[in-house]
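Structure, as structure tokens:
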Amino acid sequence: MSIRKHTAYNFVGSLVSLAVLLICVPWYLQLIGMERYGVLSILWLLFGYFGFFDFGIGRAVAHRVAGLSANADRRKIETLWAGLMLNLLLAAAGAFFLYFALRHVLTHWIAVDADLQEEVHASVFWVALSLIPSIASGALQGVVLGSKKFLLLNVVDVSGKTALQILPLATAFFLSPDLESIAQAILAARVLALLLWIFACRNSLPGSMLPSWKPGLARILWKYGSWVTVGMLLAPLLSGVERLVIGHLQGAAFVVLYVVPFSLIAPVALLSASLSNALFPRFAEEEHGAQLLAENAVFAILILVTPIMVAMSFLVQPFLSIWIDTEFSVQTIGVAQLLIVGFWANSLAKVFHTKLQGVGKPKVVAGIHLAELFPFLLILYLMTREWGILGAAFAWSIRSVVDMLLLGNRSGAWAFPPGQVLFGFGLVVSAALISTMLDLDILMLVLTGIPLVLLSLLWSWRLGLKDYVPALLSWMARK
């Protein structure tokens with residue numbers, strides 16, 4: 001199976017998840033309101049943060065399974081059960097701590113209307129309980145990823161994410177829009193996803209899946225996963241904590257003004273994420289070919305993503321005005337444009353990040369993120385206090401650019417002139433600035449947007465799009 005097909009599966013799966021999100025968000029806002037959706041966003045954020053209680057075991061399982069030979073069935077079964085037992089123990093501890101963390105944050109940190117306080121506290125137990133099936137899925141997902149079953153991986157992943165959006169929405173529509181009912185629906189969706197991952201894992205491993213234990217294997221998984229865990233601990237602080245800061249300084253309703261454009265822009269990095277996920281098991285099994293793989297991937301992402309981001313700069317505000325409404329679009333346009341710049345940098349950083357983890361160097365990624373943490377938190381707090389959601393978006397984008405530079409330097413996968421990256425960055429920044437100043441003047445957006453998009457396409461084409469990408473895809477298809 002080729003990297004090209006793996007990437008295509010990942011990309012299509014991500015697009016389906018995006019389509020579900022785009023359909024559901026306006027319905028959520030209509031059915032439960034801005035305040036409840038803001039609280040729900042914070043619940044999802046904290047839930048995602050406590051995903052670090054996986055402690056990198058899922059990734060460690062994927063890394064080990066990918067490195068085993070095709071006929072090492074028994075060793076794969078041993079890896080699965082070692083990871084699954086660790087995951088279940090860690091999940092129980094995580095759910096316990098998440099319960100008290102949610103109560104503390106939603107009581108003392110986030111400004112919530114008194115009328116919603118009872119709903120918020122009633123929902124906490126169900127959200128915390130949902131962490132157990134979510135983390136337990138990690139080892140199962142690792143087996144599927146390590147086995148390079150990308151079609152199955154994406155079918156199950158999309159099904160789980162769709163259930164996570166649809167079940168709470170259906171509950172709000174047919175039963176009740178209160179947060180406790182929605183939280184119970186979230187738990188049901190997580191359990192359904194766990195059952196799907198069990199089926200997928202059974203499909204990925206031949207023979208019996210009866211428990212098999214090898215002494216010392218849990219320690220091996222823990223050693224690799226421990227540095228991944230540091231990254232997992234830091235990742236939500238580096239991409240997500242801004243929502244808590246906004247909620248603390250401005251209130252839950254303002255979180256929505258940040259979360260919606262963030263959710264809309266984030267999928268632009270799908271191409272990079274899809275390619276990176278497809279390359280991870282290849283990085284793990286091809287130590288000597290990892291460098292060339294990473295260099296080609298980064299260069300392809302640069303010349304593919306830059307024109308997309310430039311076009312997105314001119315399309316995002318008209319889209320928001322149609323998708324939500326004009327007032328919402330005007331309130332969030334600056335945030336969206338800043339996030340576009342940040343996600344451009346994030347697209348390149350994903351390949352650097354995956355390459356370092358794939359070749360067994362998660363410690364390097366963790367060290368870089370730890371160095372970024374405290375300066376970012378300080379800048380984030382000061383900028384959000386001064387400029388609100390605009391300051392939060394600016395701080396996040398600055399951090400994303402710095403992350404790209406640091407990871408690129410340490411991964412060694414930046415094997416092309418920096419001037420090319422600088423020019424692409426300049427194109428995206430220029431498009432973001434111009435479209436922000438034009439507001440919703442459609443005629444001017446068209447007159448200025450088309451030339452800039454064409455310029456970015458011409459730059460990308462001359463840089464290698466016309467022959468490099470087809471050659472890269474052909475090369476990947478043979479791998």
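Quick note: the coordinates plus some simple rules give every number you see, no bench work behind them. Worth saying up front: this structure is predicted, and the values here are computed from it rather than measured. Every residue, glycine as well, gets a Cβ built from its backbone with ideal geometry; the counts of neighbours run over all protein chains shown.
A few remarks follow.
- All C-alpha pair distances within region 90-179, sorted into 10 Å bins from zero, spread as 14, 32, 34, 16, 4 percent across the bins.
- Protection proxy ranking for 338-344, 44-50, 370-376, 295-301, using the average of other Cβ atoms within 10 Å per residue and placing the highest first: 338-344, 295-301, 44-50, 370-376.
- Net length gained if the chain between L292 and L304 were fully extended (0.36 nm per residue, minus Cα distance): 2.5 nm
- Computed label-point distance, nm, for sites L382 and F174 using a 7 Å Cα→Cβ extension: 5.2 nm
- Working ranking of peptides 378-386, 180-188, 348-356 by packing, defined as the average number of other Cβ atoms within 10 Å per residue, highest first, is 348-356, 180-188, 378-386.
- Once the Cα-Cα distance is subtracted from the 0.36 nm per residue extended length, the Q331 to F100 segment shows a gain of 79.8 nm.
- Each label was represented as a point 7 Å from its Cα along the Cα-to-Cβ direction; for L433 and V155 these points are 5.0 nm apart.
- Region 107-186: trypsin sites (Lys or Arg not before Pro) falling in loop per DSSP and having at most 15 other Cβ within 10 Å: none
- Distance between the 7 Å Cα→Cβ label points at L315 and I166: 2.6 nm.
- Extension gain for A93-Q420 works out to 113.0 nm (0.36 nm per residue, less the C-alpha to C-alpha distance).
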